[in-house]
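> Have a look at the structure that comes next, please.
The values are calculated or read from the model by the stated rules, or taken from the named source; none is laboratory data. As the structure is a computational prediction, the values presented were derived from the model and not from experiment. Here the Cβ positions follow ideal geometry from the backbone for every residue, glycine too, while neighbour counts run over all protein chains shown. The protein model used for the area step is the full one, side chains on, heavy atoms only, and it has no ligands, DNA or RNA in it. Shrake-Rupley method; radii C 1.70, N 1.55, O 1.52, S 1.80 Å.
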Amino acid sequence: MSDSILTIDLLTRALDVSALRQAVYSANIANAAVPGYQRLEVNFDQQMESFAAAFDSSSNADPTHVSMNAPSVVPTGTAVKLDEEVAAMARNALQYQTLVGAYERMSSLTRLAIHEGRE
Amino acid sequence: MDLFGVFDISSAGMSVEQSRLATAASNLANARTTKTADGTLYQPLSVVVRSSNVPTGTYADVEATMRAGTLPRPYVSSITEVPTAPRLVYDPGHPDADAKGFVSMPGVDTLSTMMDLISVSRGYEANLRAFDITRHLIQKTIDMGRNR
C-alpha cells in the first residue's frame, strides 16, 4: 500500500513541476519582446538524479525517504526563440496529460481495492 | 504551482503586443502627416517594453526570487517619439512646402514597420497558444477522475 501512496506522491510532484514548466514557457513567450530578457528554465535534473539513485536496486536507500527540493527556475543566458518555446510547451502539455492519465489509473486501482475487487 | 496565475503572464504578453501593433499602425497611418495638432511634424513612435522582476544578482538571489513564484511579466514602460530626419518630397503646391518647394514628410521607415508587424503577429500568436494550452491543462485537471 505504501508503494501506491509513493506513486501518487511522485505523480503529484511531477504534475507540479510540469505546471511550473508551463508557467516558465509562458513567461518566456510573454517576455520575448523585452530587450535583454534571458530565457528561463526549470532546473529539476539534480533532484531527479538523487531520486533515481534512491530507486537503484544496488543502493540501500529507501525510496519512501527521499527528500525532494523544490525545482529551481534559472536563467539560461540566451535569448528567447518563439518556435522553440512553443514546441517545448506542446511537449510539456503532453507530459502533463500523461501524468493526469497515470493519476487517474492509480486512483481507479485504489477504488478497486476499496470496493474489494467488485466494480 | 498555481496554473491560474499563468493566464496573467500570457495576458501581459498579449497586451504588450497590442501596444506594439497600435504604435506600428499609428506610424504607418501617419506616414504622410506633415502637421500634427501642435503644428509640428509627426515623429515615429516607439514602444519601450520592460519586464518586471527580471532576476538579477547572484545565482542564489535569482533562485530565491524565482522560487517565490514571481515569474517576470512584460509591461509597456513608455511610448516615446523617436526624432527622425524628415523625408523631403518636392511638392511646390503643398501648403506646408518650404521656399524651395520641398515638403517635410515624417521619417517613418515603412519597411521596418512592416517587419515589426510580422514580429507582433508571431508574438501574439505564441502568447495565445500559451494561454490556450494553460486553459487545456487546467481543464484536464478539473476533469481528473470524472470518467467514473
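> Could you grab the pairs with beta carbons closer than 6 Å, sequence gap of 6+ or different chains, first residue in segment A:83-96 and more than 8 Å from chain B (Cβ to nearest Cβ), second one among the charged types (D, E, K, R)?
Matching pairs, first to second residue: A:Asn92/A:Arg21.
This table checks each residue for (1) within 14 Å of another protein chain (Cβ to nearest Cβ); (2) closer than 24 Å to B:Val108 by Cα.
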{"site": "B:Leu3", "(1), (2)": "yes, no"}
{"site": "B:Ile9", "(1), (2)": "yes, no"}
{"site": "B:Gly13", "(1), (2)": "yes, no"}
{"site": "B:Val16", "(1), (2)": "yes, yes"}
{"site": "B:Ala25", "(1), (2)": "no, yes"}
{"site": "B:Leu28", "(1), (2)": "no, yes"}
{"site": "B:Lys35", "(1), (2)": "no, yes"}
{"site": "B:Tyr42", "(1), (2)": "no, yes"}
{"site": "B:Val48", "(1), (2)": "yes, yes"}
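> Spot the failing condition for B:Gln139; the list is (1) more than 9 Å from chain A (Cβ to nearest Cβ); (2) closer than 28 Å to A:Ala33 by Cβ; (3) not in a loop (DSSP other than H, G, I, E, B), and only one is missed.
So the condition that B:Gln139 fails would be (2).
> Is it the case that some residue within segment A:12-21 is small (Gly, Ala, Ser) and modelled with pLDDT under 70?
Scanning segment A:12-21 turns up no residue that is small (Gly, Ala, Ser) and modelled with pLDDT under 70.
> Which condition number does A:Ser59 fail, the rest of (1) assigned to a loop (DSSP other than H, G, I, E, B); (2) at pLDDT below 70; (3) open to solvent by 50 Å² or more (accessible area, probe 1.4 Å) being met?
For A:Ser59, the exception is condition (3).
> Take segment B:84-136 and flag every residue that is β-branched (Val, Ile, Thr) and either free of Cβ contacts under 8 Å to residues at least 40 places away in the same chain or outside any helix (DSSP H, G or I) (or both).
Those that are β-branched (Val, Ile, Thr) and either free of Cβ contacts under 8 Å to residues at least 40 places away in the same chain or outside any helix (DSSP H, G or I) (or both): B:Thr84, B:Val89, B:Val103, B:Val108, B:Ile118, B:Ile133.
> Output the residues belonging to segment B:8-62 that are modelled with pLDDT of 85 or more, among the β-branched types (Val, Ile, Thr), farther than 30 Å from B:Asp91 by Cα and open to solvent by 50 Å² or more (accessible area, probe 1.4 Å).
Of everything in segment B:8-62, nothing turns out to be modelled with pLDDT of 85 or more, among the β-branched types (Val, Ile, Thr), farther than 30 Å from B:Asp91 by Cα and open to solvent by 50 Å² or more (accessible area, probe 1.4 Å).
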